[in-house]
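Visitor: Sending over a structure as structure tokens; questions will come in a sec.
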Amino acid sequence: FLPEMPEKLGAPLLIAQHMPPIFTVSLAKNLDRRCAITVKEAVDGEEILPNIAYIAPGGQQMKVAHEPFKNIKIIRITDDPPENGCTPSADYLFRSVAKHFGGSATGVIMTGMGADGAKGLQLMKEKGAAIIAQDEATSVVFGMAKKSIEAGVVDLIVPIEQIAEHIRRTIVRC
């Protein structure tokens with residue numbers, strides 16, 4: 001879905017992809033070449049800016065934090081333990097997104113094994129965020145999205161080719 005995002009999206013994208021170290025650097029570089037939006041592996045302490053997709057480094061956790069001296073939102077990369085057997089973990093990221101972006105966020109859960117993401121999306125939903133899940137037909141493994149759907153936190157279930165369009169729609173509504 002990232003290649004379908006416009007260069008001037010107007011919002012940042014924060015991505016927790018279940019991948020080991022080293023692979024997320026290659027993923028970010030590959031996607032950056034194919035996308036209008038900037039795609040990069042996230043760096044600890046960097047300011048979160050619109051029109052950039054930040055991929056959590058493999059083997060580490062990523063969260064949103066507030067930098068009080070500059071009054072900005074920044075990325076924190078940590079060596080905190082795995083959650084749901086995952087580093088990076090979607091739940092770990094989603095909790096911080098719920099805290100710092102609240103109802104102005106959109107949560108997206110896609111193909112993957114297990115239940116990672118469902119609890120974090122619940123918190124995002126409670127704060128008023130829109131929640132989108134990839135459908136079963138276009139998922140390689142319908143685990144993470146299925147668990148979030150079963151938890152009742154998903155607003156919209158769509159095929160992968162429609163995810164970018166629906167993310168753009170939620171940004172327009174904000």
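Visitor: Which residue is surrounded by the most Cβ atoms within 10 Å (Cβ to Cβ), if the candidates are limited to the range 81-102 and must be of a type in the set (Gly, Ala, Ser) and not in a loop (DSSP other than H, G, I, E, B)?
Guide: So the residue we want is ALA90.
Visitor: Tell me, which residue of the range 94-119 that is in contact with a Leu (Cβ under 7 Å, 6 or more places away or on another chain) and small (Gly, Ala, Ser) is farthest from GLY152 (Cα to Cα)? Write out each step before concluding.
Guide: Going through the range 94-119, the residues in contact with a Leu (Cβ under 7 Å, 6 or more places away or on another chain) turn out to be 94-95, 97-98, 107, 109.
Add one more test, that the residue is small (Gly, Ala, Ser), and what stays is 98, 107.
Values: ALA98: 17, GLY107: 14 Å.
Only one residue tops the list, namely ALA98.
Visitor: Moving on. Say we look at the range 42-57 and pick out the residues that are open to solvent by less than 50 Å² (accessible area, probe 1.4 Å), assigned to a strand (DSSP E or B) and not small (Gly, Ala, Ser); which of these is farthest from THR78 (Cα to Cα)?
Guide: Initial filter on the range 42-57 (open to solvent by less than 50 Å² (accessible area, probe 1.4 Å)): 42, 45-46, 48, 51-57.
If we keep only those that are assigned to a strand (DSSP E or B) as well, we get 52-55.
Among the residues that remain, those that are also not small (Gly, Ala, Ser) are: 52, 54-55.
On the way: ILE52: 20, TYR54: 15, ILE55: 14 Å.
Filtering the range 42-57 for residues that are open to solvent by less than 50 Å² (accessible area, probe 1.4 Å), assigned to a strand (DSSP E or B) and not small (Gly, Ala, Ser), the one farthest from THR78 (Cα to Cα) comes out as ILE52.
Visitor: Let me ask you something else. Taking the range 139-165, which residues are of a type outside the set (A, V, I, L, M) and in contact (Cβ under 8 Å) with a residue 60 or more places away in the chain?
Guide: Within the range 139-165, the first condition is being of a type outside the set (A, V, I, L, M), and the residues that meet it are 139, 142-143, 146-148, 150, 152, 155, 159, 161-162, 165.
Those that are of a type outside the set (A, V, I, L, M) and in contact (Cβ under 8 Å) with a residue 60 or more places away in the chain: GLU161, GLU165.
Visitor: In this structure, does HIS66 turn out to be in a helix (DSSP H, G or I) and either open to solvent by less than 40 Å² (accessible area, probe 1.4 Å) or of a type outside the set (Lys, Arg) (or both)? Steps first, please.
Guide: On the way: in a helix (DSSP H, G or I): no; either open to solvent by less than 40 Å² (accessible area, probe 1.4 Å) or of a type outside the set (Lys, Arg) (or both): yes.
No; evaluated as a whole, the condition is false for this residue.
Visitor: Restricting attention to the range 118-168, which residues are assigned to a loop (DSSP other than H, G, I, E, B) and either open to solvent by less than 10 Å² (accessible area, probe 1.4 Å) or under 15 Å from PHE94 (Cβ atoms) (or both)?
Guide: Within the range 118-168, the first condition is being assigned to a loop (DSSP other than H, G, I, E, B), and the residues that meet it are 127-129, 135-141, 143, 151-155, 159.
Of everything in the range 118-168, those that are assigned to a loop (DSSP other than H, G, I, E, B) and either open to solvent by less than 10 Å² (accessible area, probe 1.4 Å) or under 15 Å from PHE94 (Cβ atoms) (or both) turn out to be LYS127, GLY128, ALA129, ALA151, VAL153, VAL154, ASP155.
Visitor: For the range 6-40, which residues satisfy the criterion of being open to solvent by 50 Å² or more (accessible area, probe 1.4 Å) and assigned to a strand (DSSP E or B)?
Guide: THR38, LYS40
The values are calculated or read from the model by the stated rules, or taken from the named source; none is laboratory data. Only a predicted model underlies this, so the values are computations on that prediction, with no experimental measurement involved. Note that each Cβ is placed from the backbone with ideal geometry, even for glycine, and that neighbours are counted across all protein chains shown. Accessible surface is based on the protein model in full, side chains and every heavy atom, while ligands, DNA and RNA are left aside. Shrake-Rupley method; radii C 1.70, N 1.55, O 1.52, S 1.80 Å.
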